[in-house]
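So the structure is just underneath, and the comments pick up after that.
The values are calculated or read from the model by the stated rules, or taken from the named source; none is laboratory data. Remember, it's a predicted structure, so these values are computed and weren't measured experimentally. Here the Cβ positions follow ideal geometry from the backbone for every residue, glycine too, while neighbour counts run over all protein chains shown.
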Amino acid sequence: MQPLLKQVRLLPQHYGKVENMKKHNLIILSFLSVVILSTGMFATTERSRAQEDEHAYGEIWNFAVIPVFPSGIRFWLRVEAPADQIQSIELSVWQNEKRLDTARLDPFDDVMFGYEDAVEYEYFLDVQAKTAFRMFDPIKLIASVTLIDGTTNESLTTIIPEHQGYGPWQGAVADERLTIYISDPDIAIERMAKELLPTFDLLSRSLEEVRPLKLAVYMPPVMPFCELVEDEDGNVESLVVSERRNFPCSEEAMAALYARSGFEIVKLHNTRYREVRDESAEQIVLLQYGTRWADAEVPFWFQYGLAMYFAPNGHPEALAQVQRAARLEDLLDLQELSQLPTTEQEQLWRAQSFLLTLYLADLYGADAPQRIAGQISPDKSFSDVLREEFDMTPQRLYGAWRIWLDSSRATEVAAYHPYLENTATSTPIPTITLTRTPTTTPSPTATPTQRPLFIPTNPPLPTRGLPTFTPTVTITPLPPGFFDRITPTAAPPTNSNNGNSQFCNTGLGTLMLPLVAFMIGRKRRVRER
């Protein structure tokens, strides 16, 4: 029986060797091999094996670390001595300069695998029982073995506790307001953390308190944290399955473990940098307002529309999508918008939710969505705030919005987002300066309390949008660059065949020329004979 050590080594060193092909025609196949290799049509088989590390007699070392969160961490240790030569094994676990646990392994009773000249043991750190445990903070395992001859050896293992099956993780601290870890080693995490800080600045304008956040961001695909396993009796358990052992698991336990470490779980649906950043900003908004709202009655379209309104670059693409759905009579009604969408509805649902929120900003001022959100509480619903502040109901708002969709005004403001800087030219939508002064910028337009909206039963489509402005007012054209985004982000490289085509057209042709010349010369020599 092969020792388990050879199967679960953490850092094996590999080497490869390429299998050789038999050559029937040395010259021709040498050219063909180059051509095939250069065009990616030749697959080599690589065999690898782990080189054994050399360890001295009596040494103790940690050869595997297996996280099984939310339950704990498995440490596999090996002592390079027979069990009858081991007197004691002592372990201590430290995190943030605090001792998390101590353990004493019995040289015989706690054996996992035994060999003639070595013994392997397992130590399990139960993080559910250790209230001081924190995710992402380094853990140190100090292992000490004493042999019967009095010899003592120690080893130190340092790991970063991360959720298994994702990552490797990376983290960044923007300032005291935002710490973010993400399960993607390639995302520009420090840049993203800094670009999310203006969201906190904007939130501070409508919230009395903006709490610091620590985010554990899961990149897609996000699989269920637990497996449902059915035993022989037909009972189904939620478990983490790991190397011959199963451990208890639940989504709630994982969330509680993160919460104990001060982290909020965020699961994303996008992978490109801009979408990842914007979706993270949305989650920050939902978390901040969610604390204030608690169990208040807030329609889902406003929750997510508000979150999308805070996106650093806006959503100018939403208007065309919703206008197309309107022409096809596929728009979601208010009841459908007030609940979470199905998978098929999601894109249109998000676009409509954003544009409804943008319409609120166009109607009552750029900070209207935040003002509404800031007044919602368990004792005051979204509908209550809308009625008290603007003498408006959700139904009338939706009807007016339907007309606004096809107006030139909707096209003008589709690219607006609240991070735009103020300009010298006055505009119907006042922009918000990113300061911490808790003041709002009033809209220069007439409010509905002075001029109530009238929505006829079958309203005609207006040419100028809703009558929220007096007809004598002419809208000043926006200056160039007003709706430019803060940070234009270059699209990441995409997989394209252009590079391959150019390569094949030049490199392949160059490689084939000697082969063609060789074949022509060979044919001539045959004729001469």
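Pairs linking a residue in the range 227-256 that is within 16 Å of Gln128 (Cα to Cα) to a residue that is aromatic (Phe, Trp, Tyr) and outside any strand (DSSP E or B), with Cβ atoms under 6 Å and 6 or more positions apart or on different chains, are Glu251/Phe225; Met254/Phe225. Of all residues in the range 67-107, those satisfying the criterion of being in contact (Cβ under 8 Å) with a residue 60 or more places away in the chain, buried (at least 18 other Cβ atoms within 10 Å of the Cβ) and in a strand (DSSP E or B) are Pro67, Val68, Gly72, Ile73, Arg74, Phe75, Trp76, Leu77, Arg78, Val79, Ile86.
For Ile139, are the conditions met, namely being farther than 19 Å from Ala64 by Cβ and within 28 Å of the chain's Cα centre (by Cα)? Let's see the steps before the verdict.
Values: farther than 19 Å from Ala64 by Cβ: no; within 28 Å of the chain's Cα centre (by Cα): yes.
Considered against the rule, which asks whether it is farther than 19 Å from Ala64 by Cβ and within 28 Å of the chain's Cα centre (by Cα), Ile139 comes out as no.
For the range 287-311, name all the residues that are surrounded by fewer than 17 Cβ atoms within 10 Å (Cβ to Cβ), in a helix (DSSP H, G or I) and of a type in the set (A, V, I, L, M).
Leu287
All conditions in (1) in a helix (DSSP H, G or I); (2) in contact (Cβ under 8 Å) with a residue 24 or more places away in the chain; (3) surrounded by fewer than 16 Cβ atoms within 10 Å (Cβ to Cβ) hold for Glu275, with the sole exception of (2). So, of the residues in the range 147-166 that are among the polar types (S, T, N, Q) and at pLDDT 95 or above, which turns out to be surrounded by the fewest Cβ atoms within 10 Å (Cβ to Cβ)? Top of the filtered list is Thr158. Against the condition under 24 Å from the mean Cα position of the chain (by Cα), at pLDDT 95 or above, among the basic types (Lys, Arg) and not in a loop (DSSP other than H, G, I, E, B), how does Arg350 come out, does it pass? So Arg350 fits the description; yes.
Can we say Asp384 is charged (D, E, K, R), farther than 16 Å from Ala307 by Cα and either in a loop (DSSP other than H, G, I, E, B) or in contact with a helix residue (DSSP H, G or I) (Cβ under 8 Å, 6 or more places away or on another chain) (or both)? Considered against the rule, which asks whether it is charged (D, E, K, R), farther than 16 Å from Ala307 by Cα and either in a loop (DSSP other than H, G, I, E, B) or in contact with a helix residue (DSSP H, G or I) (Cβ under 8 Å, 6 or more places away or on another chain) (or both), Asp384 comes out as no.
Do we find that Ala193 is under 19 Å from Gly167 (Cβ atoms) and in contact (Cβ under 8 Å) with a residue 40 or more places away in the chain in this structure?
Numbers: under 19 Å from Gly167 (Cβ atoms): yes; in contact (Cβ under 8 Å) with a residue 40 or more places away in the chain: no.
Criteria not met by Ala193.
Checked across the range 243-258, the condition of being part of a loop (DSSP other than H, G, I, E, B), modelled with pLDDT under 95 and either farther than 23 Å from Tyr309 by Cα or out of contact with any Pro (no Cβ under 8 Å at 6 or more places or on another chain) (or both) holds for at least one residue. Has the range 117-133 got at least one residue that is within 29 Å of Lys194 (Cβ to Cβ) and not acidic (Asp, Glu)? Checking the range 117-133: not a single residue is within 29 Å of Lys194 (Cβ to Cβ) and not acidic (Asp, Glu). Of all the criteria given as (1) over 15 Å from Ala307 (Cα atoms); (2) buried (at least 21 other Cβ atoms within 10 Å of the Cβ); (3) at pLDDT below 95, the one not satisfied by Thr343 is (2).
Among the residues of the range 117-127 satisfying the criterion of being closer than 16 Å to Leu77 by Cα and surrounded by fewer than 18 Cβ atoms within 10 Å (Cβ to Cβ), which is farthest from the chain's Cα centre (by Cα)?
Step one: filter the range 117-127 for residues closer than 16 Å to Leu77 by Cα, giving 117-125.
Within this subset, residues satisfying the condition of being surrounded by fewer than 18 Cβ atoms within 10 Å (Cβ to Cβ) are 117, 122, 124.
Values: Asp117: 47, Glu122: 33, Phe124: 30 Å.
That would be Asp117.
To keep it simple, each residue is scored yes or no on (1) out of contact with any strand residue (DSSP E or B) (no Cβ under 8 Å at 6 or more places or on another chain); (2) in contact (Cβ under 8 Å) with a residue 40 or more places away in the chain.
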| position | (1), (2) |
| --- | --- |
| Asp109 | yes, no |
| Met112 | no, yes |
| Tyr115 | yes, yes |
| Tyr123 | no, yes |
| Thr131 | yes, yes |
| Val145 | no, yes |
| Glu154 | no, yes |
| Thr158 | no, no |
| Ser183 | no, no |
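Taking the range 312-346 only, how many residues are in a loop (DSSP other than H, G, I, E, B), among the small types (Gly, Ala, Ser) and under 21 Å from Pro394 (Cβ atoms)? Give the steps one after another, and end with the answer.
Taking the range 312-346 first, the residues in a loop (DSSP other than H, G, I, E, B) are 312-317, 328-333, 338-345.
Filter again for among the small types (Gly, Ala, Ser), leaving 314, 338.
Then drop every residue that is not under 21 Å from Pro394 (Cβ atoms), which leaves 338.
Looking only at that region, the number is 1.
Glu232 satisfies every condition listed in (1) within 25 Å of Glu346 (Cα to Cα); (2) more than 17 Å from the chain's Cα centre (by Cα); (3) surrounded by fewer than 18 Cβ atoms within 10 Å (Cβ to Cβ); (4) not aliphatic (A, V, I, L, M) except (1).
Filtering Leu207, Leu215, Leu202 for residues that are under 25 Å from Leu125 (Cα atoms), in contact (Cβ under 8 Å) with a residue 60 or more places away in the chain and not basic (Lys, Arg) leaves a single hit, Leu215.
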